[in-house]
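What follows is a set of notes on a single structure, which appears directly below.
The values are calculated or read from the model by the stated rules, or taken from the named source; none is laboratory data. Keep in mind it's a predicted model, so treat the numbers as computed, not measured. As a convention, Cβ positions derive from the backbone with ideal geometry for all residues, glycine included, and neighbour counts pool all protein chains shown.
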């Protein structure tokens, strides 16, 4: 299983960072060749399902996910979101935590554990590096002031 972790500090208040990070279509707009479709009516809650479709035309794959934990940040406590990836190609988990900083900004920690069908475990470090790069760039844009 490929694992990676990304940490970012942002000038945004925790509630605003959380709002941006739980805007699932915004993630898809920032990942190359990907579009995210929310499959359940809002607002976000445990049980929310969405699919990230990566590819061009009919050549691609779906990455269906379900929110299994959704605790927004509050006074003195971090927000935690956990997702389960339920696809045929990509399986695993993703989570992020949003906490406040002394300056009034946010600290975001994103972690993923992935298994990609057909990719040997020997390539897990390559998948982790690619994940850090792609999701790191997406976080940078989502958390931009």
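For the reader, a short list of remarks on this structure follows.
Results for (1) modelled with pLDDT under 95; (2) closer than 23 Å to residue 22 by Cα; (3) more than 13 Å from the chain's Cα centre (by Cα), shown as yes or no for each residue.
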{"site": "101", "(1), (2), (3)": "no, yes, yes"}
{"site": "111", "(1), (2), (3)": "no, yes, no"}
{"site": "116", "(1), (2), (3)": "yes, no, yes"}
{"site": "122", "(1), (2), (3)": "no, no, yes"}
{"site": "127", "(1), (2), (3)": "yes, no, yes"}
{"site": "139", "(1), (2), (3)": "no, yes, no"}
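- Evaluation of residue 99 against the conditions (1) within 18 Å of residue 112 (Cβ to Cβ); (2) touching a strand residue (DSSP E or B) at 6+ places or on another chain (Cβ under 6 Å); (3) touching a residue at least 40 places away in the same chain (Cβ under 8 Å) shows that the sole unmet condition is (1).
- Residues in segment 76-90 that are surrounded by fewer than 19 Cβ atoms within 10 Å (Cβ to Cβ) and touching a strand residue (DSSP E or B) at 6+ places or on another chain (Cβ under 6 Å): 80, 82, 84, 86, 87, 89.
- Residue, surrounded by the fewest Cβ atoms within 10 Å (Cβ to Cβ), within segment 106-133, restricted to residues that are over 11 Å from residue 4 (Cα atoms) and out of contact with any strand residue (DSSP E or B) (no Cβ under 9 Å at 6 or more places or on another chain): 118
- Of the criteria (1) more than 18 Å from residue 96 (Cβ to Cβ); (2) surrounded by 15 or more Cβ atoms within 10 Å (Cβ to Cβ); (3) at pLDDT 95 or above, which one residue 73 fails: (1)
- Among the residues of segment 1-48, the one identified as closer than 10 Å to residue 143 by Cα and loosely packed, with under 14 Cβ neighbours inside 10 Å is 9.
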